[in-house]
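Beneath this line is the structure, given in structure tokens, with notes to follow.
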Amino acid sequence: MSARIFAPAEARIIAIWNYTLDRWGEEQADHYIRGLIDHIHSLEYRRDRWRPVSDECLRGVWFVRHERHYVFFRELSCGAVGVITVLHESMDLPSRLKEDHGLAGDD
């Protein structure tokens, strides 16, 4: 089974590619995104790396780190991984995660 990448995560991945392209070129952008996608698709088989998000509003959301980014996801009923978003380590992770998960303003 492969991972399902939801729209907010897809938009973030495209933004990461564009940022990397602007800073380091197409080869590096392709290399980084390929590594990120490979990491996402390996999550189903690497449960030992999953860490739970501690926010009560986000029960059932897990995360892993890939280089300078965090991948946030849920386990879907079919057993696959559903990627909610991918956020850079320098971002306000709780706020951005809630935005991308559809919980912005819910405190």
Check: Just checking, how many residues over the range 1-35 are among the basic types (Lys, Arg) and crowded, with 16+ Cβ neighbours inside 10 Å?
Finding: 1
Item checked: Single residue of Val81, Val53 found to be in contact with an Asp or Glu (Cβ under 6 Å, 6 or more places away or on another chain) and farther than 18 Å from Thr20 by Cβ -> Val81
Check: Which residues, taken from the range 36-56, are over 14 Å from Leu93 (Cα atoms), modelled with pLDDT under 90 and surrounded by 13 or more Cβ atoms within 10 Å (Cβ to Cβ)?
Finding: Glu44
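The values are calculated or read from the model by the stated rules, or taken from the named source; none is laboratory data. Not measured: the values here are computed from a predicted model. Virtual Cβ from ideal backbone geometry, glycine too; neighbours counted across all protein chains shown.
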